[in-house]
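One structure below.
Quick note: the coordinates plus some simple rules give every number you see, no bench work behind them. Only a predicted model underlies this, so the values are computations on that prediction, with no experimental measurement involved. Don't worry about glycine lacking a Cβ; one is built from the backbone with ideal geometry, like all the others, and counts go over all protein chains shown.
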Amino acid sequence: MSPLPPPARLMNDRKTWVPMLLALLACFALMLPLQLFTPMHSDDYAYTHKGITWAATWRHYTNWSGRLVADFLSSAVLITRSHALAATVNTLAFVALIGVLWWLPRFELYRSTSLASERARRSRPWKSVQTFALLFLLYWLGNPALGEINFWLVGSANYVWTNVLHLLFLGLYLREALEPKSLPSDRAGWPVRFILTLMLAPIAGCTNENTSLSSLMLMGLVGLYVLFVRDGGRWRVWHAKLLALGLAFSLGAAALLLAPGNAVRQQIYIQWNKLGWDERFLLHFTERAPLALHHLGLVLLAALVLLLIAQRLRTAVAKPQVVMAWLFMLAAVFSLAIMVASPVLPQRSLAGTLVYLLLVVSTLMLWWERQEIGTVPSRLRQGLHACTAALALVFALSYGLMLRAYHQVAEQNAVRQQIIHDGMARGDVYIFIPKYHWLPLLRDESEPFSEFFNDEMVSWFEGTWSPIRQFDATGPYRTIEQARAMLTPDEQAEQQAMEAWGREIRKRPR
């Protein structure tokens with residue numbers, strides 16, 4: 001421990017934290033423009049309408065979803081109707097997720113007083129930044145639903161904000177369980193960190209179904225190891241603390257999984273409910289799971305290659321990180337397998353499996369950071385640098401295409417808004433707006449945001465009784481005239497007929 005007081009020690013260690021701070025700021029700067037260009041869409045309107053009152057929260061919990069944390073957070077941000085606030089919060093959540101993936105495995109799994117071990121545990125700042133950059137690049141390029149998960153506020157609340165809370169708790173739990181103590185008295189009492197972790201536990205448990213169950217399994221394995229292997233089966237006060245954290249997390253998970261709304265929503269999947277469990281297992285493990293692994297291929301490949309390298313070069317210093325990496329890999333497999341109970345498996349539902357695979361990468365990169373330069377073959381170091389550089393080049397292409405496409409979508413959204421407001425001013429019975437037209441993207445299947453259109457909620461949000469309908473856009477548009485020029489004669493006639501019919505209905509006596 002440095003003899004300097006905390007502020008002076010912080011300044012003395014600035015060579016360590018300044019590079020990471022710059023990396024976080026760079027991540028924020030890259031994400032914010034895309035978030036600002038992303039308009040409200042899909043369920044954003046419905047969750048604005050839902051509100052955050054107790055009655056609204058309970059009604060949603062009993063009739064649709066048990067995700068109390070995600071549903072409350074998304075409605076709380078959307079209800080402000082501030083696009084700049086929503087974009088900023090979403091950007092901060094993205095940065096926080098990459099940051100917590102980088103932070104989670106960074107604690108000591110053993111204590112050694114040897115100078116060699118102390119040197120091995122030290123991380124060079126540039127190596128830490130490279131790990132952060134690699135996690136960012138893999139998350140971006142290996143994300144099976146980048147647009148829906150990160151550039152849709154309700155989707156982000158379900159799969160980014162909740163994962164930040166979930167992984168923050170998991171990291172604190174692992175520190176309580178595995179971080180070494182110099183004296184038995186270090187484990188006594190109820191320190192502030194434990195109290196905060198206990199308060200976070202039920203919130204983290206009530207975030208997402210498959211990740212909650214996977215982390216519960218992971219926590220159980222770690223707890224059993226601590227009790228029966230490390231401490232020889234002798235019950236101590238710190239075992240009670242771990243049990244309290246597990247029970248608090250389980251209460252949150254139970255509130256999530258046993259929500260009445262889950263049973264109500266499942267009733268809409270009529271065909272799925274007719275299948276027996278043998279048919280569900282066959283469908284999931286022969287069709288859905290292989291397709292999911294294909295979507296996660298880049299991150300899965302990176303995790304497996306790093307595991308193979310760590311296994312071949314495993315030393316006493318590397319062993320704890322390798323074991324933790326295998327536990328995270330097990331959690332990733334379990335998070336995908338448990339989806340056999342889900343009627344659907346959209347690509348955005350793979351976000352939990354994705355973060356566990358990234359934890360494997362983060363853990364093994366920590367092992368690489370703490371190796372002395374001479375202990376890692378130069379060809380492996382050069383290969384890692386080359387892979388990181390290659391991913392950075394692909395990311396630059398992806399980001400450039402997305403920035404151009406999302407900027408044009410923002411321009412198209414301004415045209416749509418103008419059409420809606422002009423139609424409201426004229427008193428149109430029906431308001432017709434063009435769909436978004438997307439410019440080419442590197443991964444057209446994962447980089448756009450959701451195109452689901454809830455016409456009823458859009459009308460409510462805009463404050464009009466007139467139904468708002470979409471028509472196909474065959475190309476980009478920047479003005480109302482360009483948008484309407486894409487209508488075919490048949491579409492124009494259909495819109496005019498609907499408008500005339502609507503006006504006639506309004507004239508009828510009630």
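With each label modelled as a point 7 angstrom along the Cα→C-beta vector, the E456-R381 pair spans 6.3 nm.
Could you state the angle between the C-alpha long axis of helix 351-369 and the longest principal axis of the C-alpha atoms of the chain, as a value from 0 to 90 degrees rounded to the nearest 10? Between helix and principal axis, roughly 30 degrees. When only Cα pairs below 8 angstrom with a gap of at least 6 residues are kept, the chain shows a relative contact order of 21 percent. Among C206, C387, C27, a tally of other beta-carbon atoms within 10 Å of each Cβ gives an order, fewest to most, of C387, C27, C206.
If each DSSP helix of 4+ residues adds -39,500 (n - 2.57) and the sum is divided by the residues in the chain, what number results at 222 nm, nearest 500 deg cm²/dmol?
Values: 25 runs with 342 residues, N = 510.
Helix-only estimate at 222 nm: -21500 deg cm²/dmol.
From the alpha carbon centroid of the range 17-73 to that of the range 458-510 is 31 Å.
Between 0 and 90 degrees, the angle of helix 125-141 with respect to the longest Cα principal axis of the chain falls at about 40 degrees.
The packing ranking of peptides 95-104, 441-450, highest mean first, is 95-104, 441-450, where packing means the average number of other beta carbon atoms within 10 angstrom of each residue.
Quick check for me: using +1 on Lys/Arg Cβ and -1 on Asp/Glu Cβ, what's the dipole size of the chain about its Cα centre, in debye to the nearest 20?
Values: 46 positive and 34 negative charges, 419 e Å.
It works out to roughly 2020 debye.
The label point for Q496 and the one for A392, both projected 7 Å from the Cα toward the Cβ, are 5.9 nm apart. From the Cα gyration tensor of the range 398-507, with a ≥ b ≥ c the square roots of its eigenvalues, which class applies: rounded if a/c is under 1.5, or else prolate if a/b is larger than b/c, or else oblate? Judged from the Cα gyration tensor, the range 398-507 comes out prolate (a/c at least 1.5, a/b above b/c). The slack in the chain from T474 to L293, taken as 0.36 nm per residue of separation less the alpha-carbon distance, amounts to 61.8 nm.
Peptide packing: for 17-25, 62-70, the average count of neighbouring Cβ atoms within 10 Å per residue gives the ranking 62-70, 17-25, highest mean first.
Using R0 = 22 Å, the C-beta based FRET efficiency linking L247 and L275 works out to 0.05. Across the range 6-275, Cα pairs under 8 Å and at least six residues apart give a relative contact order of 27 percent.
Each residue in S215, S42 was given a count of other beta-carbon atoms within 10 angstrom of its own, and listing them fewest first yields S42, S215.
Roughly how big is the range 6-275's charge dipole about its Cα centre, with Cβ charges of +1 (Lys, Arg) and -1 (Asp, Glu), in debye to the nearest 20?
On the way: 24 positive and 12 negative charges, 169 e Å.
The calculated dipole for the range 6-275 is roughly 820 debye.
For the chain, the longest principal axis of the Cα atoms and the long axis of helix 83-103 meet at an angle of about 20 degrees.
Plainly put, the range 304-434 has a radius of gyration that is 1.24 times its Kirkwood radius, both from alpha-carbon atoms, as the Rg/Rh ratio.
Could you put K319, K241, K274 in order, starting from the residue whose Cβ has the fewest other Cβ atoms within 10 Å?
On the way: K319 14, K241 20, K274 8.
By the 10 Å Cβ count, ascending, the order reads K274, K319, K241.
Once the chain from I268 to W54 is taken as fully extended at 0.36 nm per residue, the excess over their C-alpha distance is 74.5 nm. The Cα atoms of the range 6-275 cover 60, 44, 36 Å along the three principal axes, with the biggest extent listed first.
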